[in-house]
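Below is one structure, written out as structure tokens; the observations come after it.
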Amino acid sequence: MKSARLLGASAATPPQPNDSQPSGTRIQLLERCLILLLRCHGGPDSVAIAANRLFASNGTHRILAMATEAGLSPRQFERRFLAQVGVPPKLYARIIRFNAALDHKLRYPSRAWSRIATDQDYYDQMHLVHDCRAFTGESPSRFLARLDGLPAFHTLFATDNRPRTSGRPAGVASLLSGHAAVPYHP
């Protein structure tokens, strides 16, 4: 399908990829077409951007600050977040932070839970234990003992593999603005 048909007659038509071009060039052209398509359709939603930032920060962003950045009241932000993500933003942040702590422990088994709690911005170790009991029904040590028998277990969202930029994750918003800090290469 031609990009002009996808983007509409008024959109500028970017160069078309063809089989004679190297695959890297074709991928770059396709990425440009997709970014142009996103620009033509209003770009990403402010709540989706906030959810991605919350994920990239391992759940440490303040909900009130995210609502303000999204240009919404805290209640509007919470309603839209719940509708789009499926859970309230505070619960999403707790899940992400607990996942990061669990991932940290799996990567560094000899590290003390108290240090992991501090590294993941928990107030103290008991707050980490509370989240673990809420999400797994067990204490952190007991939960890990059950995981010990599983081959090559790793959390679903590996937290150490995500690119970090100066507090601001590279994502669709930075691609649309043309200020991508980290290029995406699958």
Handout entry: Flag for R94 being modelled with pLDDT under 90 and charged (D, E, K, R)
Key = no
Practice task
Collect the residues in region 76-128 that are over 19 Å from the mean Cα position of the chain (by Cα) and among the aliphatic types (A, V, I, L, M), keeping them in residue-number order.
Solution key: L106, A112, I116, A117, M126, L128
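To keep it simple, each residue is scored yes or no on (1) touching a Pro at 6+ places or on another chain (Cβ under 8 Å); (2) closer than 17 Å to D45 by Cβ; (3) in a helix (DSSP H, G or I).
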{"residue": "E69", "(1), (2), (3)": "no, yes, yes"}
{"residue": "R79", "(1), (2), (3)": "no, yes, yes"}
{"residue": "Y92", "(1), (2), (3)": "no, yes, yes"}
{"residue": "R111", "(1), (2), (3)": "no, no, no"}
{"residue": "F135", "(1), (2), (3)": "no, no, yes"}
Exercise for the section: Give the residue that is farthest from T60 (Cα to Cα), with candidates limited to residues of region 105-123 that are crowded, with 20+ Cβ neighbours inside 10 Å and in contact (Cβ under 8 Å) with a residue 24 or more places away in the chain. Expected result: K105
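Yes/no per residue for (1) part of a helix (DSSP H, G or I); (2) under 17 Å from the mean Cα position of the chain (by Cα); (3) at pLDDT 90 or above; (4) within 30 Å of T118 (Cβ to Cβ):
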site: A4; (1), (2), (3), (4): yes, no, no, no
site: P17; (1), (2), (3), (4): no, no, no, no
site: Q21; (1), (2), (3), (4): no, no, no, no
site: E31; (1), (2), (3), (4): yes, no, no, no
site: I35; (1), (2), (3), (4): yes, no, no, no
site: L38; (1), (2), (3), (4): yes, no, no, no
site: A50; (1), (2), (3), (4): yes, yes, yes, yes
site: M66; (1), (2), (3), (4): yes, yes, yes, yes
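The values are calculated or read from the model by the stated rules, or taken from the named source; none is laboratory data. These numbers were taken from a predicted model, which means no experiment stands behind them. Positions of Cβ are generated from backbone atoms using ideal geometry, with glycine treated the same way; all protein chains shown enter the neighbour counts.
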